[in-house]
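> Here it is, the structure, as structure tokens.
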Amino acid sequence: MREERTVSALHTILGLAMIVAGISSAAVQLAKGGAPARPGQASLAAAQAAETPRIENAKLETRAVSANLDAVIREIAATAEKAQWVGYHVDQVAGERGVCCNNNWNDGNCGTCRLEKENGGTTNTTHTDGNVKLEGARQLVVLYRVAAKQVAKIRVASDDCTLDAGGLAFVWLTGVKPTESVALLATYVRGSGLEDHGDPSVGNGALTAIALHADASADRALDSFVKPEQREGLRRQAAFWMGAARGKAGLAALQHMAKTDPSSEVRAHVAFALSVSHEAEAVDEMIRMAHDDTSSHVRGQVLFWLAQKAG
């Protein structure tokens with residue numbers, strides 16, 4: 001009995017100590033001007049901080065996507081009084097490099113991407129946290145600039161980039177599904193001319209973003225862009241990304257295009273796309289094209305790119 005009373009007393013003392021410690025922690029938090037954290041709040045805040053990229057010079061708002069992504073973007077664009085940026089991230093296709101300000105490839109230290117600067121200037125400044133990623137970025141940030149009630153620009157960046165919004169409002173979306181992202185971006189690819197010169201068109205930005213999604217829906221979207229009924233400019237651009245970013249799935253699509261596309265200009269571009277592929281079988285397909293393609297122009301282009309690859 002005496003031992004039981006001793007154990008009971010120790011439990012009581014330990015419980016009181018824990019209560020006092022909790023009260024002290026709450027008092028410190030209140031003294032700092034905040035409310036005591038509820039269970040789960042700290043982990044939720046940490047998760048949100050980890051999900052949001054480094055964003056500077058912006059009026060930042062975080063919003064969870066509970067409806068269709070297309071509807072959310074349209075709502076934001078329709079209610080925006082001034083130009084602003086909307087962004088979210090998805091898994092990025094595997095690779096040893098990241099991408100900052102569209103096609104500016106980097107080796108893991110992007111620096112600051114100035115979204116409002118002409119042509120998307122990038123400065124290789126050190127990140128404010130002093131950290132530099134040793135591995136390729138795993139997340140792709142997809143960015144929409146909305147103005148005049150519509151999407152005016154689409155850009156991408158790896159999550160190691162610091163984004164400078166130029167003083168504009170920035171809505172960061174959480175919970176975006178990659179399939180919905182690809183589906184939305186595909187509408188901009190089909191609705192915009194990819195042959196525009198100067199600043200990249202909305203369609204170019206959307207196509208780049210799709211190609212860098214680490215999701216099978218991106219392969220299906222790219223396959224739809226290279227159908228013979230699609231315009232040649234779109235087929236050429238999609239072929240490039242199949243070689244540059246889509247691995248074995250991209251190679252299979254290029255092999256089919258090399259045999260079936262009715263345009264010699266597109267097939268010549270397929271040869272270039274094969275030359276930038278990292279798949280070993282790409283060279284075999286180029287050699288086959290050099291022997292078998294019916295166009296002397298295509299055969300000449302294949303030989304040129306084979307020589308470049310050998311060099």
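> Using only the heavy atoms of the protein chains and a 1.4 Å probe, how would VAL276, VAL189 rank by accessible area, largest first?
Result of the area sort, largest leading: VAL276, VAL189.
> Additional query: Say each of GLU232 and ASP292 gets a label point 7 Å from the Cα, pointing the same way as Cα to Cβ; how far apart are those two points in nm?
Using points 7 Å along Cα→Cβ, the separation is 2.4 nm.
> Could I ask something else about it? Using heavy-atom solvent-accessible surface (probe 1.4 Å) with all chains present, what is the largest-first order of ARG138, ARG114?
Largest to smallest exposure gives the sequence ARG138, ARG114.
> Too long at a 25 Å Cα-Cα cut-off: which of LYS82/LYS177; LYS153/LYS177; LYS153/LYS259?
LYS82/LYS177; LYS153/LYS259
> Which of the peptides 169-175, 249-255 is most tightly packed, and how do the rest follow, judged by the mean count of other Cβ atoms within 10 Å per residue?
Final packing ranking: 249-255, 169-175.
> Count charges around VAL90 for me, please; just the other residues with Cβ under 9 Å from its Cβ, Lys/Arg as +1, Asp/Glu as -1.
Cβ neighbours under 9 Å give a net charge of -1.
> By per-residue mean of other Cβ atoms within 10 Å, what is the highest-first order of 64-70, 259-265, 214-220?
Ranked by mean Cβ neighbours within 10 Å, highest first: 214-220, 259-265, 64-70.
> If amide hydrogens are placed 1.01 Å from N in the peptide plane, which non-local residues have theirs closer than 5 Å to the one on ILE55?
The list, which skips near neighbours in sequence, is LEU163.
> On to the next question. Which peptide among 297-304, 205-212, 238-245 comes first, and what is the full order, when sorted by highest mean count of other Cβ atoms within 10 Å?
Those peptides, ordered most packed to least, come out 205-212, 238-245, 297-304.
> Here's something else I'd like to know. Once you place label points 7 Å from the Cα toward the Cβ at THR174 and SER66, how far apart are they in nm?
1.4
> Moving to a separate point now. Accessible area per residue for region 183-300 in Å², computed with a 1.4 Å probe and the full protein assembly in place, what is it?
With all protein chains present, region 183-300 gives 41 Å² per residue.
> Step through the residues of region 79-88 one at a time and calculate ³J(HN,Hα) from phi using the Karplus curve (6.51 cos²θ - 1.76 cosθ + 1.60, θ = phi - 60°), rounding each to whole Hz and writing x for Gly and Pro.
Running phi through 6.51 cos²θ - 1.76 cosθ + 1.60 with θ = phi - 60° gives 9, 6, 7, 10, 4, 7, 10, 10, x, 7 Hz.
The values are calculated or read from the model by the stated rules, or taken from the named source; none is laboratory data. Quantities reported herein were computed from a predicted structural model and do not represent experimental measurements. With ideal geometry, Cβ positions are generated from the backbone for all residues, glycine too; neighbour counts draw on all protein chains shown. Keep in mind that these areas ignore ligands, DNA and RNA; they rest on the heavy atoms of the full protein, side chains included. Shrake-Rupley method; radii C 1.70, N 1.55, O 1.52, S 1.80 Å.
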